[in-house]
Ligand SMILES: [Zn+2]
């Protein structure tokens, strides 16, 4: 009660946190409900859902094993670390390195794209998320650019990847609204790379202005929002409209505070404004929730891979064994769903 009164008093003053999310910082809590209880609550919400809106950030891919630092980085980028030194700390910082030539820039990015987007198959955790929602109408909003939702079996019309894709390139100055599939180009670059550089003959040039090309990633004002991007944005808006009066679960996976204005804060706002909607927030260490959402919010501060497994088995869907028992599950599908 004391917290509520404080919140009301502060409500008139718009501070930094209120401007961003509409909830004052002190309104957030780590829920004290025991883990097993939270898993049950999340499972109940998902079982009763008419539709599920997934919001996924970098934390999901990290939990799935797509680690950008540590051994995975040093094992794969040894020659880059040797050449460029301490600026190469992990795959995030390496992406911002001011490579002096296009040959070196694409030498790095082709490797990054192969490792994180082209070579990996669907990761088990993404498949489990797919299994969890496949029988309920769903939509995915994601800032991830590694293409995992497609690989895991989500339909293209159910995905809006707002920040680009490691498999595409665009004009570095965004001179025209088109992106280009670069998967084959990156594979070729990977074959031809020597001393961290690709041959000049493989450097892509903009077919319209003749200038340099860049990764299709939202990192500056030149990010191209092409036709497919706008179609996906429209489908996302349609999904929200169509489900306005239904029971929707917003399942937020690994969204931290890098770009909270795309998924995290809008999700809180939508749940606050629609009392039939609820929010499940799975996050390794940032699962704080606005206390005001009460029982419509479950914030599980735990390894997402563990939470998804436990929620899935709680629901009764035999997920987590997608590779070993997929045939078996197919046969028992009816029974599993009824349970
Ligand atoms: Zn151009």
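Listed by first and then second residue, the pairs linking a residue in the range 203-217 that is farther than 20 Å from residue 108 by Cβ to a residue that is more than 8 Å from the ligand (Cβ to nearest atom), with Cβ atoms under 9 Å apart and 6 or more places separating them unless they lie on different chains, are 207/178; 207/180; 208/178. Note on the range 164-277: enclosed helices (runs of 4 or more DSSP H) holding 1 or more residues that are closer than 24 Å to residue 129 by Cα are 227-242, 264-273. For residue 181, the conditions (1) within 16 Å of the ligand (Cβ to nearest atom); (2) in contact (Cβ under 8 Å) with a residue 12 or more places away in the chain are fulfilled apart from (1).
The number of residues in the range 116-136 that are without any contact (Cβ under 8 Å) to a residue 40 or more places away in the chain and either in contact with a strand residue (DSSP E or B) (Cβ under 8 Å, 6 or more places away or on another chain) or in a helix (DSSP H, G or I) (or both) comes to 1.
Could you check, for the range 124-142, whether at least one of its residues is at pLDDT 95 or above, within 16 Å of the ligand (Cβ to nearest atom) and out of contact with any helix residue (DSSP H, G or I) (no Cβ under 9 Å at 6 or more places or on another chain)? Outline the logic, then answer.
Just the residues of the range 124-142 that are at pLDDT 95 or above, to begin with: 124-142.
Going one step further and asking which of them are within 16 Å of the ligand (Cβ to nearest atom), we end up with none.
No: zero hits.
Residues of the range 210-256 that are within 16 Å of the ligand (Cβ to nearest atom) and surrounded by 13 or more Cβ atoms within 10 Å (Cβ to Cβ): 212, 213, 214, 215, 216, 222, 223, 224, 225, 226.
Hey, among the residues in the range 143-163 that are assigned to a helix (DSSP H, G or I) and touching a strand residue (DSSP E or B) at 6+ places or on another chain (Cβ under 6 Å), which one's nearest to the ligand (Cβ to nearest atom)?
149
The values are calculated or read from the model by the stated rules, or taken from the named source; none is laboratory data. Being a predicted model, the structure only gives us computed values, none of them experimental. Positions of Cβ are generated from backbone atoms using ideal geometry, with glycine treated the same way; all protein chains shown enter the neighbour counts.
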